[in-house]
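A short write-up of the structure that comes next.
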């Protein structure tokens, strides 16, 4: 939970929540039980005093209140705007001398009504994850999304924004400088941008016309990345080299990137990465996401550090549809796994899938390891009207994501009443 600071965006989000609650005729107590949260926390959400740190809570609230697809879209858009404003405010309040964290830009696109738009699960978040990990319900994604990337630092560095880098094919290229969203297009290969050896024009001849000399086409997709997503908003663990007396109390999920960077922490056993992908409106037609590939750049012996659990258990009872990723496999793959939501079974998502400026897709990747300290990233292949390419999903600035096994390591939980870590 994070304070909303009374922004106009947060007030609008709270108003929408109140309207849905009043129309449904449900008490705060009943709704709180369905959302797996406390009555006081839900009351603060509806009064604009606090904002959920992840959309799963908002999605469960909308469905518990019987929201229509259009109302779910409006609520999703309002939450994204309020969340972006909250993050911008948090960045402005950072201490002097701290490395700045890019603030995400929110792009709002009109969301059409649900009629004729395919099955409901297609408009939810697509969740990529490890089987057996309890997490929140799937999020509705037919709304505007944050175009800027934010995320967590690898151990030993300040908390940069996680990023998605585009590697277009020879038919598509983009600007050489990073965009504000963290999407870094890479120039096309020489096979599509330069003449073959021996075919250069003679001195004094007119310049060659055609695709090689034309202006680069804009990349039609963008992504926002969160690398410190906790299961059900509270369940996660980190490996830290320091002893329990030198480690501060666990943060809330929204403050996890800064906390982990300060402790030089590494994700222990499991890492959840949330990637929101949407079209930019460049060109015509939708963009098709073809496949997601895992790249393991390095495997090391897991460090002999302590495990610090962020929560003693938060009791989430929903399992999302997932693609499980086992980093210990020689060639890790994403594998579809069906889930279970409040309305019953949720079919496993599958590629290919379409995205546009009005209909983004949220990919939730849950990577696990029991045997290595792994550096890894994801390549998301896409095809659009103007060509095809690849989005590289990493931890920002070209740095890989990092997840380490924690089997057999000392495990500590935080005793709030005593104000210290204990085993």
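Derivation of every value follows stated rules applied to the coordinates shown; laboratory data play no part. Just so we're clear, the structure is a prediction, and the values are computed from it rather than from any experiment. Glycine gets a Cβ as well: all are built from the backbone with ideal geometry, and neighbour counts include every protein chain shown.
Relative contact order for region 27-68: 37 percent, from Cα pairs under 8 Å spaced at least 6 residues apart, divided by residue count. When each of the peptides 18-28, 34-44, 413-423, 72-82 is scored by the mean number of other C-beta atoms lying within 10 Å of its residues, the order from highest to lowest reads 72-82, 34-44, 18-28, 413-423.
Averaging the sequence gap over all C-alpha pairs within less than 8 Å and six or more residues apart, then dividing by the number of residues, gives region 307-423 a relative contact order of 25 percent.
Comparing region 1-86 with the 2.2 N^0.38 Å rule of thumb, its C-alpha radius of gyration ratio is 0.95 (two decimals). With viscosity 0.692 mPa s and temperature 37 °C, the Kirkwood radius over alpha carbon pairs of region 278-423 converts through Stokes-Einstein to a diffusion coefficient of 182 µm²/s. In whole angstrom, note down how far apart the Cα centers of region 360-423 and region 317-334 are. Taking the Cα centre of each part, region 360-423 and region 317-334 sit 12 Å apart. Peptides 399-406, 218-225, ordered by how many other C-beta atoms sit within 10 Å of their residues on average, highest first, read 218-225, 399-406. With semi-axes defined as the square roots of five times the eigenvalues of the C-alpha gyration tensor, the equivalent ellipsoid of region 241-305 measures 36, 18, 8 Å, largest first.
Here region 332-371 is treated as an ellipsoid with the same Cα gyration tensor; its semi-axes, largest first and in whole Å, are 22, 17, 10.
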